[in-house]
Structure formats: structure tokens, C-alpha cells
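Right, one structure below, let's go through it.
The values are calculated or read from the model by the stated rules, or taken from the named source; none is laboratory data. The model shown is predicted, which means the values in this text are computed figures rather than measured ones. Backbone-built Cβ (ideal geometry, glycine too); neighbour counts: all protein chains shown. Accessible surface areas use protein heavy atoms only, side chains included; no ligands, DNA or RNA. Shrake-Rupley method; radii C 1.70, N 1.55, O 1.52, S 1.80 Å.
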Amino acid sequence: MTVSININGQDHELDVPPETPLLWALRDNVKLTGTKFGCGLAQCGACTVHMAGQPIRSCVTPVSAVVGQHITTIEGIDTKAAKAIQAAWEELAVPQCGYCQSGQIMAASALLANNPSPTDNDIDAAMNGNICRCATYVRIREAIKQAAKESAQG
Ligand code: FES
Ligand code: FES
């Protein structure tokens, strides 16, 4: 079956079975390997991408569910919120091993786009499903707050 998906602003015709997880299609067919496989069970957030700006778990999302949708991966995010998040991530040196960070940045940039001034509770609720085995959680929270502040200023 051929499925048509818009990924990072480009239309892709993918010749894959409809039940193929979006994560595999992104990594194997489109060669966008910034999105990571962690658990494969929607439990860790490493595979987070955006569909129409909202975070989804690409490991449990079949390509048939995203036909005709706009998917954004870590390679393609360029919203104001995403740029502020990425800048804060760099400034505060958030990553340790880095494996979870693509998913963390996707979750954080969706949070900031939806809620420009998140409280600690908002941050916890939005980031709760993104696991970091290196426990970079304190820096993640600080980076989201810094990005929110910098976005508000300009
Ligand atoms: S790999 Fe998708 S949530 Fe863990
Ligand atoms: S930085 Fe290593 S798993 Fe998060």
C-alpha cells in the first residue's frame, strides 16, 4: 500500500504496510533518524513527533493513522517555541547521553506552543511521559522555564 504523508513540509509517498509504525517509516523509509526507539510501547516518549503540532508517540501510531496529516520531526521543528526550546537546551547543556532528548524537545516545544507560560505543574503534566535514564529532569524543567521567559521577551 502507498501512503501519503507530509513530513517536515514535504509530501512523501511511502510503500509500506498500513500497520507499519510511523517511527519505522520515518527512520527506515525517510531516513530521519533523529526520532528514537526506546520502548515501543508508548511508555518512554523517545519517539515523540508532532502531528498537526501536537505530540504523538510514533512507535504506536500506524502510518494509516497519519495519512494526509502534517508530521513534524526533530529535524523539521522551526516554530518560535521550538527555537526557544532548542536555544535554552544548548545554553543549559541539558542532554547527558542524549538518547531521550529528541523526544524531550518535541514534547517541550509542543507544551510551549500550547502554553507560553507553563507552571511547574503544567511542565510536569506535559513532560511526565518522557523518561530520561540519565535523569536530566531538573535541567529540562529549567530550560523550559528559560525558553518561556525568552519567548515572552521577544
Ligand atoms: S519508543 Fe515510543 S514511547 Fe517509547
Ligand atoms: S539524556 Fe540520557 S536518557 Fe536522557
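How many residues are under 15 Å from the mean Cα position of the chain (by Cα) and not aliphatic (A, V, I, L, M) when one looks only at the range 1-23?
If we filter the range 1-23 for residues that are under 15 Å from the mean Cα position of the chain (by Cα), which is where we start, we get 7-8, 22-23.
Now narrow it down to the ones that are not aliphatic (A, V, I, L, M): 8.
Summing the residues that are under 15 Å from the mean Cα position of the chain (by Cα) and not aliphatic (A, V, I, L, M) in the range 1-23 gives 1.
Would you mind finding the one in SER58, SER117, SER102, SER109 that is among the hydroxyl-bearing types (Ser, Thr, Tyr), away from ligand 2 (no atom under 16 Å from the Cβ), under 27 Å from GLU150 (Cβ atoms) and open to solvent by less than 40 Å² (accessible area, probe 1.4 Å)? I'd like the intermediate steps shown before the answer.
Details: SER58 fails: under 27 Å from GLU150 (Cβ atoms); SER117 fails: open to solvent by less than 40 Å² (accessible area, probe 1.4 Å); SER102 fails: away from ligand 2 (no atom under 16 Å from the Cβ).
After applying the criteria, what remains is SER109.
Looking at (1) open to solvent by less than 60 Å² (accessible area, probe 1.4 Å); (2) over 15 Å from the mean Cα position of the chain (by Cα); (3) not acidic (Asp, Glu), can you tell me which one LEU41 breaks?
Condition (1) is where LEU41 drops out.
Kindly indicate the residue of the range 88-99 that is loosely packed, with under 15 Cβ neighbours inside 10 Å and in contact (Cβ under 8 Å) with a residue 12 or more places away in the chain and also farthest from ligand 2 (Cβ to nearest atom) among those meeting that condition. First the steps, then the outcome.
Applying the first criterion (loosely packed, with under 15 Cβ neighbours inside 10 Å) to the range 88-99 yields 90-91, 93, 96-98.
Next cut, in contact (Cβ under 8 Å) with a residue 12 or more places away in the chain only: 91, 93, 96-97.
Details: GLU91: 16, ALA93: 11, GLN96: 4, CYS97: 3 Å.
Restricting to residues being loosely packed, with under 15 Cβ neighbours inside 10 Å and in contact (Cβ under 8 Å) with a residue 12 or more places away in the chain, the top hit is GLU91.
Is one or more of the residues making up the range 98-112 touching a Lys or Arg at 6+ places or on another chain (Cβ under 8 Å) and not hydroxyl-bearing (Ser, Thr, Tyr)? Can you show your working first?
We begin by selecting, within the range 98-112, every residue touching a Lys or Arg at 6+ places or on another chain (Cβ under 8 Å); these are 99-100, 102-103.
Narrowing further to those that are not hydroxyl-bearing (Ser, Thr, Tyr): 100, 103.
There is at least one residue in the range 98-112 that is touching a Lys or Arg at 6+ places or on another chain (Cβ under 8 Å) and not hydroxyl-bearing (Ser, Thr, Tyr).
Which members of the range 120-152 meet the condition of being polar (S, T, N, Q), open to solvent by less than 70 Å² (accessible area, probe 1.4 Å) and away from ligand 2 (no atom under 16 Å from the Cβ)? Write out each step before concluding.
The first filter runs over the range 120-152 and keeps only residues polar (S, T, N, Q), leaving 121, 128, 130, 136, 146, 151.
Next, from what is left, pick out any that are open to solvent by less than 70 Å² (accessible area, probe 1.4 Å): 130, 136, 146, 151.
Within the range 120-152, GLN146, SER151 qualify.
Any residue at all in the range 4-12 that is of a type outside the set (A, V, I, L, M, F, W, C), closer than 28 Å to ALA125 by Cβ, touching a residue at least 24 places away in the same chain (Cβ under 8 Å) and outside the structural domain of ALA148 (by TED's automatic domain parsing)? Break it down into steps so the answer makes sense when it comes.
So the first thing to find is which residues in the range 4-12 are of a type outside the set (A, V, I, L, M, F, W, C), and the list is 4, 6, 8-12.
Filter once more, so that each one left must be closer than 28 Å to ALA125 by Cβ: 8.
Subset that is touching a residue at least 24 places away in the same chain (Cβ under 8 Å): 8.
From what's left, outside the structural domain of ALA148 (by TED's automatic domain parsing): 8.
Yes, the range 4-12 contains a residue that is of a type outside the set (A, V, I, L, M, F, W, C), closer than 28 Å to ALA125 by Cβ, touching a residue at least 24 places away in the same chain (Cβ under 8 Å) and outside the structural domain of ALA148 (by TED's automatic domain parsing).
Scan the range 19-38 residue by residue and report those that are of a type in the set (D, E, K, R) and either open to solvent by 70 Å² or more (accessible area, probe 1.4 Å) or in contact (Cβ under 8 Å) with a residue 24 or more places away in the chain (or both). Even if it seems obvious, please write down each step before you answer.
If we filter the range 19-38 for residues that are of a type in the set (D, E, K, R), which is where we start, we get 19, 27-28, 31, 36.
GLU19, ASP28, LYS31, LYS36 - these are the residues of the range 19-38 that are of a type in the set (D, E, K, R) and either open to solvent by 70 Å² or more (accessible area, probe 1.4 Å) or in contact (Cβ under 8 Å) with a residue 24 or more places away in the chain (or both).
What are the pairs, 6+ residues apart or on separate chains, where a residue within the range 109-121 that is farther than 17 Å from VAL138 by Cα and not assigned by TED's automatic domain parsing to the domain that holds TYR137 has its Cβ under 6 Å from a residue that is open to solvent by 70 Å² or more (accessible area, probe 1.4 Å) and aliphatic (A, V, I, L, M)?
none
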